[in-house]
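A short worksheet on the structure shown next.
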Amino acid sequence: MKDKYDFSQGKRGAIDPMPRGKTRITIRIDEDVLDWFRGEVHAAGGGNYQTLINHALRDCVQRRQQPLEDILRRVVREELSASKSVNKSKRVVA
């Protein structure tokens, strides 16, 4: 450790500048919800739970903005696909 440090070129404020398009806020999230997101990141081997929450919120917003017809088409496609895979697994080969 040095006896003296030169802070003459130092600047006050955050160490990392805030990226464009990002806003720092404070919110309260239920512990079980936060634990789930943290667990998902841990299970994935790392990452940022805040990014995962951001993706989940963005997905929710985008789904709410979709026209009802698009949502119904997506649900029907998913159900038909699931039905086909269930029917294939029930087939018995004689």
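The values are calculated or read from the model by the stated rules, or taken from the named source; none is laboratory data. Given the structure is predicted, the values throughout are model-derived calculations rather than measurements. Because the Cβ atoms are built from the backbone with ideal geometry, glycine has one as well, and the counts that use them run over all protein chains shown.
Residues that are of a type outside the set (Lys, Arg), within 23 Å of the chain's Cα centre (by Cα) and part of a helix (DSSP H, G or I) do not occur anywhere in segment 9-23. Among residues of segment 13-32 being among the aliphatic types (A, V, I, L, M) and over 16 Å from His55 (Cα atoms), the one that is modelled with the lowest pLDDT is Ala14. Looking across segment 24-46, just one residue is surrounded by 10 or more Cβ atoms within 10 Å (Cβ to Cβ) and assigned to a loop (DSSP other than H, G, I, E, B), and that is Ile29. Checking Leu68, Leu57, Leu34 one by one, the residue that is touching a helix residue (DSSP H, G or I) at 6+ places or on another chain (Cβ under 8 Å) and at negative phi is Leu34 and no other.
Restricting segment 63-94 to residues that are loosely packed, with under 10 Cβ neighbours inside 10 Å and assigned to a loop (DSSP other than H, G, I, E, B), the residue that is modelled with the highest pLDDT is Pro67.
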